[in-house]
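The values are calculated or read from the model by the stated rules, or taken from the named source; none is laboratory data. Because the structure is a prediction, the values reported are computed rather than measured. Here the Cβ is made from the backbone with ideal geometry for all residues, glycine too, and neighbour counts use every protein chain on show. These accessible areas exclude ligands, DNA and RNA; they are computed on the full protein's heavy atoms, side chains included. Shrake-Rupley method; radii C 1.70, N 1.55, O 1.52, S 1.80 Å.
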Amino acid sequence: MQIQNPDFDIAGRRILVTGASSGFGQFFATRLAARGARVVLAARRLDRCQDTVQQIQAAGGTATAVAMDVSDSESVRQAFSAAGPVDVLVNNAGINILGATDKLSDQDWQQVLDTNLNGVWRCSRQAIQIWKTDDRPGNIINIASILGLRVAGQLGPYAASKAAVVQLTRSLALDFARNGIRCNAICPGYFETDINRDFMQTDAGQKQIKRIPQRRMGDLSELLGPILLLASDASTYMTGSILTVDGGHLVNTL
């Protein structure tokens, strides 16, 4: 396969983004739509996705919303059926429960793993089954975290789930490369979103920011380049890749 002058063109591609009601997911959906993609916003909070759909449409973009609970296989199946043929899947849905491991309940642990890891598996499985049945290429982009590559305190289930997503990304890339299905991951560092805003205002959060080599949190706009790279033909020879976007945090000394 030879790509002539590859660029970041995603116009006309149908991209399904999970966890699109807020944070990274909402950002990805709006920016991908602005670049001409036909975006499907999927989340449990359908009303918030529909609000974003209206904003995208008002700006001249194309978007729809579907209800999806990534912890429920039937919900995932129904969402994909309602979405129609998908070219790119962005597995973004994620949650966190902060606390020392010995203080967490079975439900706490299971809830984080079931969303952050099992949800990625459920959505990827559904997409792959469709792509293989239709004999079409496919593209999965998993949103992991630098906490899948290093650790921080009080984040046991979150770090474990994101580390597993990194390995699942590589496994999917290996297993389905010959089917024309690619799978890569983005590992963001610290970006201010609903999931971490309160923590980052604490003394501990401010200390974390000071340990980032660039001495600042990331701006969501700085995730646009990586997501466009992976969603476009500019990355056709990339699969199993893990991209860190973290201001140098991963290479900082312990």
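Some notes on this structure:
- Distance histogram in 10 Å bins (all Cα pairs of region 90-171, percent per bin): 19, 46, 24, 9, 2
- Per-residue [θ]222 nm for the chain (sum of -39500 (n - 2.57) over DSSP H runs n ≥ 4, rounded to 500): -12500 deg cm²/dmol
- Hydrodynamic radius (Kirkwood) for the chain, which is based on Cα pairs only, to one decimal in Å: 18.4
- Accessible-area value, ASP47, 1.4 Å probe, nucleic acids and ligands omitted, Å²: 100
- Look at the dipole of the chain built from charges on Cβ: of VAL66, SER145, THR193, the Cα furthest out on the positive end belongs to SER145.
- Separation of region 150-175 and region 199-254, taken as the distance between their Cα centroids, equals 16 angstrom.
- Its Cα centre serving as origin, region 116-167 has a Cβ charge dipole (Lys and Arg +1, Asp and Glu -1) of approximately 100 debye.
- Partner aspartates and glutamates whose Cα lies under 14 Å from the Cα of LYS210, excluding those fewer than 8 positions away in the same chain, are identified as ASP246.
- In the chain, a dipole from Cβ-located charges (positive for Lys and Arg, negative for Asp and Glu) runs towards its positive end, and of VAL120, MET217, LEU46 it is MET217 whose Cα lies farthest in that direction.
- Partner lysines for LYS162 [C-alpha distance under 21 Å; skip if fewer than 8 residues away on the same chain]: LYS103
- Of all DSSP beta bridges in region 119-254, antiparallel share, percent nearest 5: 0
- Here the Gaussian network model covers the chain, with springs between Cα atoms less than 10 Å apart; of VAL76, VAL90, VAL151, VAL151 fluctuates the most.
- Projected area, mean over directions - region 1-75, Cα convex hull, nm²: 6.1
- Hydrophobic, long helices, defined as DSSP H runs whose alpha-carbon span along the helix axis is 20 Å or greater and whose mean Kyte-Doolittle value is at least -1.0, occur in the chain at 118-134, 156-176.
- Measuring nothing but protein heavy atoms, the accessible surface of the chain at 1.4 Å probe radius is 48 percent carbon and sulfur.
- The mean accessible area for residues of the chain, using a 1.4 Å probe and ignoring ligands and nucleic acids, is 49 Å² per residue.
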